[in-house]
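So the structure is just underneath, and the comments pick up after that.
Taken together, the values in this text are just the output of simple stated rules run on the coordinates, not laboratory data. All values reported here derive from a predicted model rather than from experimental measurement. Note that each Cβ is placed from the backbone with ideal geometry, even for glycine, and that neighbours are counted across all protein chains shown.
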Amino acid sequence: MKNTKEMQAILTAIYCINQTGNKDEDIRKLCEYVYQRCFNANHRMILLCTIGKSKEEIMPEVMQLLEQDTQYKKYLKENNK
């Protein structure tokens with residue numbers, strides 16, 4: 001797998017988006033497992049940052065994270081998405 005350094009930012013984005021609106025328990029459990037087992041990190045700090053926020057409120061922060069730590073914005077431009 002290439003660009004594994006981007007995985008934590010991508011999973012953080014997925015976790016944050018999932019915490020808004022209709023929460024998918026399978027996504028939540030899987031992300032929490034990855035934080036604990038693969039990154040040795042605490043997901044609770046991320047959870048605290050999402051409490052009471054809607055998807056519209058969280059997306060600017062998520063996009064900023066992705067822009068800083070991934071090539072996601074470049075991917076969107078290249079693929080006109």
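Helix content alone sets the calculated 222 nm mean residue ellipticity of the chain: runs of n ≥ 4 DSSP H residues at -39500 (n - 2.57) each, divided across all residues, give -20000 deg cm²/dmol. Computed extension gain for Leu48 through Asn80, at 0.36 nm per residue and net of the alpha carbon distance, reaches 8.2 nm.
Sparsely packed loop sites in the stretch 1-47 (the trypsin sites (Lys or Arg not before Pro) outside DSSP H, G, I, E and B with at most 12 other Cβ atoms within 10 Å) comprise Lys2, Lys23. Across the alpha-carbon atoms of the chain, the computed radius of gyration and Dmax are 12.9, 35 angstrom.
Contact order, relative form, for the chain: 37 percent (alpha carbon pairs under 8 Å, 6 or more residues apart, mean separation divided by residue count).
Modelled spin-label separation between Cys38 and Lys73, with each label point placed 7 Å from Cα along the Cα-to-Cβ direction: 2.4 nm.
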